[in-house]
Amino acid sequence: MNALYVTWVREVMRFLRTRSRIIGSLGQPLLFLIALGYGLGPVFRKAGQGNYIEFIAPGIVGMAIIFTSIFNGMQMIWDRQFGFLRETMVAPVSRLSIMAGRTLGGATVATIQGVFVLLIAIGAGFRPVSWLAVVPAVFVMLLVALLFSAIGMAVASRLKDMQGFQLITNFVVMPMFFLSGALFPLKGVPPAMQWFARLDPLSYGIDALRYLLLGTAVFGFATDVALLVAVAAFFLWLSSYFFAKLEV
């Protein structure tokens with residue numbers, strides 16, 4: 001437990017000490033929020049769908065979370081290449097504690113990023129249906145971040161170079177983001193796209209955020225949370241299995 005806590009604190013403090021990383025990771029979500037929110041807002045309103053910034057804000061929060069959390073695995077590859085991971089692995093602690101601490105640390109950092117983006121969205125005009133719902137929304141953010149941090153750790157445990165990690169994660173993350181309904185309503189889309197959205201775990205995370213922040217949901221809040229917990233548990237198990245077999 002002490003090793004898990006120490007690893008978690010180290011990952012969080014490493015992120016907070018790097019101001020350029022904090023600012024840089026906010027650039028893409030901010031661009032999407034402003035460019036799409038204001039650019040497509042009139043079209044969205046004319047289609048009778050309401051305020052596009054309010055619709056898109058939960059999706060952009062999800063975007064910030066998944067990109068930050070999954071690239072936690074890249075940090076592990078960097079540590080592996082430069083020998084820092086070896087120093088950690090030879091310590092008299094279990095690999096499970098090390099993996100859990102790094103995964104939880106990455107998820108915490110991603111949740112902080114999600115909260116930052118939510119605050120920016122509020123400054124841009126987004127208003128949740130209830131301010132009290134922001135608290136459970138943060139827990140949903142943490143659950144989504146934990147899932148994608150575990151995915152990043154699982155992928156990083158099987159790779160040795162950062163270029164390969166970037167290619168694989170972009171191949172996985174970008175389709176998951178665009179098919180999740182983050183940028184468009186899932187109601188009324190072709191059946192094939194709905195089928196892909198149902199296979200995408202991010203769809204349930206964004207749907208849960210929309211339920212808490214906007215009061216609307218496609219799949220149902222209970223279904224969203226249950227599937228997020230189940231998929232997160234699976235990838236946590238998978239990442240711990242791969243990490244246990246990691247050779248440094």
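The values are calculated or read from the model by the stated rules, or taken from the named source; none is laboratory data. Every value quoted in this text rests on a predicted model; they were computed, and no experiment measured them. Don't worry about glycine lacking a Cβ; one is built from the backbone with ideal geometry, like all the others, and counts go over all protein chains shown.
Just a few scattered comments:
- Exclusive hit being among the acidic types (Asp, Glu), modelled with pLDDT of 90 or more and out of contact with any Phe, Trp or Tyr (no Cβ under 6 Å at 6 or more places or on another chain), set 200, 224: 200
- Count of residues meeting criterion [part of a helix (DSSP H, G or I) and without any contact (Cβ under 8 Å) to a residue 12 or more places away in the chain] in the stretch 201-235: 5
- Which numbered condition residue 184 fails, given (1) part of a loop (DSSP other than H, G, I, E, B); (2) in contact with a helix residue (DSSP H, G or I) (Cβ under 8 Å, 6 or more places away or on another chain); (3) under 19 Å from residue 30 (Cα atoms): (2)
- Any hit, the stretch 229-244, residues being crowded, with 19+ Cβ neighbours inside 10 Å, over 14 Å from the mean Cα position of the chain (by Cα), at pLDDT 90 or above and aromatic (Phe, Trp, Tyr): no
- Residues in the stretch 159-171 that are over 13 Å from the mean Cα position of the chain (by Cα) and either touching a residue at least 12 places away in the same chain (Cβ under 8 Å) or buried (at least 16 other Cβ atoms within 10 Å of the Cβ) (or both): 159, 160, 161, 162, 165, 166, 168.
- Test: residue 159 is modelled with pLDDT under 85 and part of a helix (DSSP H, G or I): no
- A single entry from 133, 145, 137, 156 fulfils the requirement of being touching a residue at least 40 places away in the same chain (Cβ under 8 Å), in contact with a Gly (Cβ under 8 Å, 6 or more places away or on another chain) and under 23 Å from residue 55 (Cα atoms): 145.
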